[in-house]
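Everything below concerns the one structure shown next.
The values are calculated or read from the model by the stated rules, or taken from the named source; none is laboratory data. Quantities reported herein were computed from a predicted structural model and do not represent experimental measurements. With ideal geometry, Cβ positions are generated from the backbone for all residues, glycine too; neighbour counts draw on all protein chains shown. Only protein heavy atoms, including side chains, enter the accessible area calculation; ligands, DNA and RNA are left aside. Shrake-Rupley method; radii C 1.70, N 1.55, O 1.52, S 1.80 Å.
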Amino acid sequence: MKASAGVFYGILMCLVAVGMRDMFFMYEENRCSMTYMFEYPEYLKIKLPKKVARQYPMYELYLYGEGTYAEENKNLILTGIPILFLPGNAGSYKQARSLGSIALRKAENIALKYHFNVFSVNLNEELVAFYGGSLQRQTKFVHQCIKAILRLYKGRDFAPRSVVLVGHSMGGLVARALLALKSFNPELINLIVTQATPHVAPVLPTDQYLIDFYDTVNNYWIMKAQDLRNITILSVAGGFRDFQVRSGLTFLPKSHHYNSALSIVSTSVPRAWASTDHLSIVWCKELILATIRAFIDLIDEDTRQITTDPEKRMSVLSHHFVRHPAKLLDSSEETAMALSGSSMWIPVNASTWTYTVYKESNETFFTFPLVNHRETNSHFHCRNNLLYTYSWIYGCTGGGVNCSEADDLSWETDLLPPVKTATLKLQDYPSLSYFVLQVPTTNGSQFTTECEFLNEPSRTMQLPVTHVLSFGFASNQIRLESSGLFYIVHLQDFGEIYQAFNIYIERHCQFDKEEKADVYRIHVPWSNEDSLTLSSDEPLTVISAKLHTAKPANYSGAVTLNVYSSQECQYEVTVTTSFMQVLGQIIRFHGPSLPVYILSSILLAYGGQFSFLASAGHCVQFNSALSASAKPYKIEPFVNLCKFLMRYGWFKATWDSLPLWTLDTVIQSSQGVWFPFVSLILFFFGISIAYWCGILFNFSLRCLSYLWIALKRPTKLQEDNRIITLQRLGVSIFLAFICLTTCGAFALLIVSLQYMIKVIQLYSSVKKLTSDLKMVENHNAGSETTVNNSLKKSHEKYDSCNSSAADGDHLQRESPGANSSVEEKLPLPSSPAIEDAANSLEMHITIMNLLTWLILLCLPSLIFWLKNLRYNVHLDPDPFGALATVLVFALEIVMNSSVTSVKSSKLLKMAARLPLPLTILIVAFGPMHLYRVSYFVTVSLLVHALCCFV
């Protein structure tokens, strides 16, 4: 039974490892360029008002500078546009150097017509992603910094009235939280750029203050959406390389009243097209360039500051971050263009056309009449690999060959890594007579232009994706027969976050020479999370297809694979489920909830030990109790039934009328991350992790016991059977005092270490005494008959003693010999004493497994307290202060108790039955609120403590 359980949990653990490997290691290589400083970066500390400095001694404000620019700014005579960088979780104020350096170089490129002053706040590198107690304090300090920055420009020409905020990670959330401050003036900011900021929910909701802060900020932006329309927010996610903050959490909630927010993944940002990890998003040159270019285009020439027009801000951000038309953004964006009549004009009547420039060419206009194509074709597709930012495609009316004035259609261009393309729908231009394609004058540049008229239905294919349970053994395939430039493949039934596929595109080309790189684009119509792949030199290209956000309800669009192909090639597209990536998606979206299911499994094993103690009178091992008691069918039906009944109004109204929390599965469904059987899968994963962690803990305990035996050589069990003594009461009061005056997590760590030492002592004593007893029994079996009878009588006398007296008993034994006799004293405790000690040990091991995970949950607050110890001895606020105070007393009682004191308790049956409903509550209300788990576990430990007295 144990072997089969080990194999089963081993397989589950392998699945968890495969999912974690896919999440942490199986992503694209880093394609971002490093940002380098041309001169040594300097950070000028800005002096804040004395009141602010006293109130926030751990925080500071700096101004970034390099070389001559830094020297000029030492007098703080500033004339630029202020940008304030907010670092995130454990982030440094020095991370602003990439933004500041590129902003300086861009200003020099435009002869310092405009320039930026980049400020940065030092937030002491606090772990605010896991401890929410300081987020409000950081927000208030940033408010003071904004006012201090604007005071520096007082009396200057074109003095700014607002500050641009750039926030990395949790810094972006702090930027949004500013608006929720009662004393904050919304006119102080009008543009916020966030980098890898989890706006929707915290990555690990380890304390209530973190959840409360999120609720306050998000609820404020929902309720005040109408009043916040003048504030524009750009949220940039890192893609699959960022395993710390999944991109789905960075997408700002959409609202009909607030449409000034733009959320995008870095893989779809034009001229970047790269996934970034959580730190590289700060220094990724391609993204920082896009940001600074957008800032420059946002400058109002009259005020020399960021424009106050929210529509203009959204237009500029969309230009640089959503679809770049390979044109410089003009303020007027005039579409009427005057074309040169002196250039060469060449009509093209073919439906497919290719033109290659090898060395030099004069300005030429190619005209494509539409009269012969409107009935048979729906679109005109054109592309070239001359990526200069200029107008290149126009529309003309009239019947003449030349047109002096044309409509500039270049704004419909879509910039891709090796080419720029334009796909024009003929129906949208009923008044045009022909399209005009401009080939500019070039000096030695080689490029190719290709165009074709196409009928979109004939180029649109339907490719159903394989079922997730096919495990990669099934595949679906289509063949792109016609030799065109553009295809659209609809990936049917692809819209869930747990789906993941490998798409194999095999191309067969007629000519091997000078093969052009094809572009394959996965387009997600409901969010800006597109990804682009270039074809390799090999005939086969493999594309990973998975989502950051699920398909919204009642949405009819489908994920598409756009193939920008070569005319000389044929293509076969095959899709198959990638089981490894499916596991990776489960870990990516639900990995933070695994501690809930691990602790639930351990808690069920804890209750199972009580049940065995009540029925059989002894306690089973932790892993045996886990295998016997941790059954998902005891938990899942209740949670799923409640979620199902939530669909009915009467049940939801009754639920809302009671003081009950919202089911976490309902919250997950609203965020689009819940799917059927996910809780069951996580439960099995949690059991397997708990099982192997139990084995690892036992192994560690055995190694420590060998060390303890070597140092202490224990010869007896605990003699004092009293649960409460003056010394233990004093220790409990002292630890409670530590909870209330310093940090609850620190006191909990101390009592856990104390508990660990007790367990090691007990384990070592049981192991040593059991070994000695076996040694005596083995010696008895090989002794002479007379000596054996003597030992038998002594042993019978020993067995008649009670267990408390037996701990100090010794047996005198004569070793047989011809001419000598040796006396040796060996400890021989009674079998009941060893059995009770062994049962108590198994119970304590289970509690230590619980405590280990509780310590991990409260570890962020402990680290935060240790880091800020020089500023304040007391952690304020302390998320685990009250809980740790209760746990200290409960654990001091439990660690000094034995199963003997629990067997006769009137609360034993209650202790055995209570973990099941507690586990149901943990699974129902814990996945999105990890801090609640600690309270439910504490209830079970309190009942155990009461069993020692009642």
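Structure values in brief
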item: Region 139-167, residues that are under 27 Å from V200 (Cβ atoms), open to solvent by less than 10 Å² (accessible area, probe 1.4 Å) and part of a loop (DSSP other than H, G, I, E, B); result: V163
item: Single residue of F622, F638 found to be open to solvent by 70 Å² or more (accessible area, probe 1.4 Å) and touching a residue at least 60 places away in the same chain (Cβ under 8 Å); result: F638
item: Matching residues, region 433-459, being in a helix (DSSP H, G or I) and of a type outside the set (D, E, K, R); result: P457, S458
item: Enumeration of residues in region 375-432 that are among the charged types (D, E, K, R) and part of a loop (DSSP other than H, G, I, E, B); result: E375
item: Single residue of region 91-116 satisfying the filter (touching a residue at least 24 places away in the same chain (Cβ under 8 Å) and in a loop (DSSP other than H, G, I, E, B)) that is surrounded by the fewest Cβ atoms within 10 Å (Cβ to Cβ); result: I110
item: Enumeration of residues in region 917-938 that are free of Cβ contacts under 8 Å to residues at least 60 places away in the same chain, touching a Leu at 6+ places or on another chain (Cβ under 8 Å) and either over 13 Å from P879 (Cβ atoms) or among the hydrophobic types (A, V, I, L, M, F, W, C) (or both); result: T938
item: Of all residues making up region 388-419, the number that are out of contact with any Pro (no Cβ under 8 Å at 6 or more places or on another chain) and either within 27 Å of N443 (Cα to Cα) or modelled with pLDDT of 85 or more (or both); result: 18
item: Set L875, L914, L856: member being under 20 Å from A90 (Cα atoms), open to solvent by 10 Å² or more (accessible area, probe 1.4 Å) and in contact (Cβ under 8 Å) with a residue 24 or more places away in the chain; result: L856
item: Output for region 229-269, where each listed residue is over 21 Å from A550 (Cα atoms) and open to solvent by 10 Å² or more (accessible area, probe 1.4 Å); result: R229, N230, H257, Y258
item: Selection within region 489-513 - buried (at least 18 other Cβ atoms within 10 Å of the Cβ) and among the hydrophobic types (A, V, I, L, M, F, W, C); result: V489, L491, F494, I497, A500, F501, I503, I505
item: Subset of region 168-197 (residues that are surrounded by fewer than 20 Cβ atoms within 10 Å (Cβ to Cβ) and in a helix (DSSP H, G or I)); result: A180, P186, E187, L188
item: Any chance D428 is farther than 15 Å from N562 by Cβ and within 32 Å of the chain's Cα centre (by Cα); result: no
item: S593 being in contact with a Pro (Cβ under 6 Å, 6 or more places away or on another chain) and crowded, with 21+ Cβ neighbours inside 10 Å; result: yes
item: Any hit, region 78-90, residues being out of contact with any Cys (no Cβ under 9 Å at 6 or more places or on another chain), open to solvent by 40 Å² or more (accessible area, probe 1.4 Å), modelled with pLDDT of 90 or more and on the phi > 0 side of the Ramachandran plot; result: yes
item: Count of residues meeting criterion [out of contact with any Gly (no Cβ under 7 Å at 6 or more places or on another chain), surrounded by fewer than 21 Cβ atoms within 10 Å (Cβ to Cβ) and farther than 27 Å from V542 by Cα] in region 427-448; result: 13
item: The lone exception for D807 - which of (1) over 55 Å from the mean Cα position of the chain (by Cα); (2) modelled with pLDDT under 55; (3) not small (G, A, S) it fails; result: (1)
item: Members of region 1-42 that are surrounded by 15 or more Cβ atoms within 10 Å (Cβ to Cβ), under 30 Å from H143 (Cα atoms) and over 31 Å from the mean Cα position of the chain (by Cα); result: P41, E42
item: Residues that are hydroxyl-bearing (S, T, Y) and surrounded by fewer than 24 Cβ atoms within 10 Å (Cβ to Cβ), drawn from region 598-615; result: S611, S615
item: Residue in region 465-473 that is of a type in the set (S, T, Y) and open to solvent by 60 Å² or more (accessible area, probe 1.4 Å) present; result: no
item: Some residue of region 506-516 being over 19 Å from G248 (Cα atoms) and touching a helix residue (DSSP H, G or I) at 6+ places or on another chain (Cβ under 9 Å); result: no
item: Among the residues listed as T846, T938, T885, the single one being part of a helix (DSSP H, G or I) and either over 26 Å from K758 (Cα atoms) or open to solvent by 10 Å² or more (accessible area, probe 1.4 Å) (or both); result: T885
item: Filter result for S629 (open to solvent by 10 Å² or more (accessible area, probe 1.4 Å), farther than 29 Å from G472 by Cα, in contact with a helix residue (DSSP H, G or I) (Cβ under 6 Å, 6 or more places away or on another chain) and among the polar types (S, T, N, Q)); result: yes
item: Positions within region 43-72 being buried (at least 17 other Cβ atoms within 10 Å of the Cβ) and of a type in the set (S, T, Y), in sequence order; result: Y43, Y56, Y59, Y62, Y64, Y69
item: Filter result (part of a loop (DSSP other than H, G, I, E, B) and hydrophobic (A, V, I, L, M, F, W, C)) within region 261-302; result: V269, A272, W273, A274, L279, C284, L298
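Residues are listed down the side, and each one gets a yes or a no for (1) under 30 Å from P879 (Cα atoms); (2) at pLDDT below 90; (3) loosely packed, with under 12 Cβ neighbours inside 10 Å:
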site: F697; (1), (2), (3): yes, no, no
site: I709; (1), (2), (3): no, yes, no
site: R728; (1), (2), (3): yes, yes, no
site: L735; (1), (2), (3): yes, no, no
site: G744; (1), (2), (3): yes, no, no
site: V751; (1), (2), (3): yes, no, no
site: L773; (1), (2), (3): no, yes, no
